Amino acid sequence: MMAAPLPAQSRPRATAEADIAHFIAEAEPPDSLVAGGFLDRQDGHYVAQQLRTPQLRRAMKYSVCLATDPDIGHFYQEDGETDADWRRRRARTVRDHCSVCPVRAACAELALREGDTAGIRGGLTPERLKRRLAEERLRLDAAAAEDHRTAQEQQDRIAAAHEVQKLAGQYLGGSVPAGTREKNRRAIAAALQRRDELVAAHRRTAGWTEAA
């Protein structure tokens with residue numbers, strides 16, 4: 001017998017927060033998420049997980065690292081440096097840079113998506129990043145697949161728009177036989193339909209209205 005779903009009030013806290021984060025990430029662009037403080041708070045990783053990799057990279061323009069250009073060595077253990085000294089030094093780095101960064105959660109999520117666990121990212125140590133990478137492997141694989149899908153759809157929309165432009169140029173340029181012009185006209189109509197279908201599908205997926 002299939003178990004009945006949990007009542008809303010009994011849902012795990014993480015699940016409820018993930019649902020709210022999904023709504024926020026869908027409703028707001030990265031710039032607004034940063035301005036609203038959604039990528040630096042303690043539970044910002046829920047929002048960051050809902051973003052696509054290009055959105056995470058866009059958010060990084062607001063990072064403390066970009067604004068202050070700190071010594072990159074602060075984020076990596078030096079050759080010959082004892083673990084005790086490294087722990088003290090990285091604690092200062094997290095305090096002075098990561099803890100005040102408005103895109104801390106986005107930085108950590110981007111590191112996980114890219115498999116970058118060599119240094120401190122988003123306030124997480126290499127050990128913590130590696131642990132999360134292993135624990136969240138299925139989620140990260142799914143995120144990578146979704147990144148690929150959305151990137152491919154964007155390329156398809158761009159290619160469809162270019163095809164319309166190319167055919168329109170052929171139709172308008174120079175004098176061509178009537179039969180050829182009619183063939184070109186039909187090709188343009190088909191290309192326009194393809195482009196509009198792709199754009200409409202993207203709008204539906206993104207939750208945009210027809211007027212958006």
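Taken together, the values in this text are just the output of simple stated rules run on the coordinates, not laboratory data. Note that the structure is predicted; figures quoted are calculated from it, not measured. Every residue, glycine as well, gets a Cβ built from its backbone with ideal geometry; the counts of neighbours run over all protein chains shown.
Would you mind computing, in nm to one decimal, how far apart the modelled labels at residue 28 and residue 116 are, each placed 7 Å from Cα along Cα→Cβ?
2.4 nm
When you count, for each residue, the other Cβ atoms within 10 Å and take the mean per peptide, how do 38-46, 100-108 rank with the highest first?
100-108, 38-46
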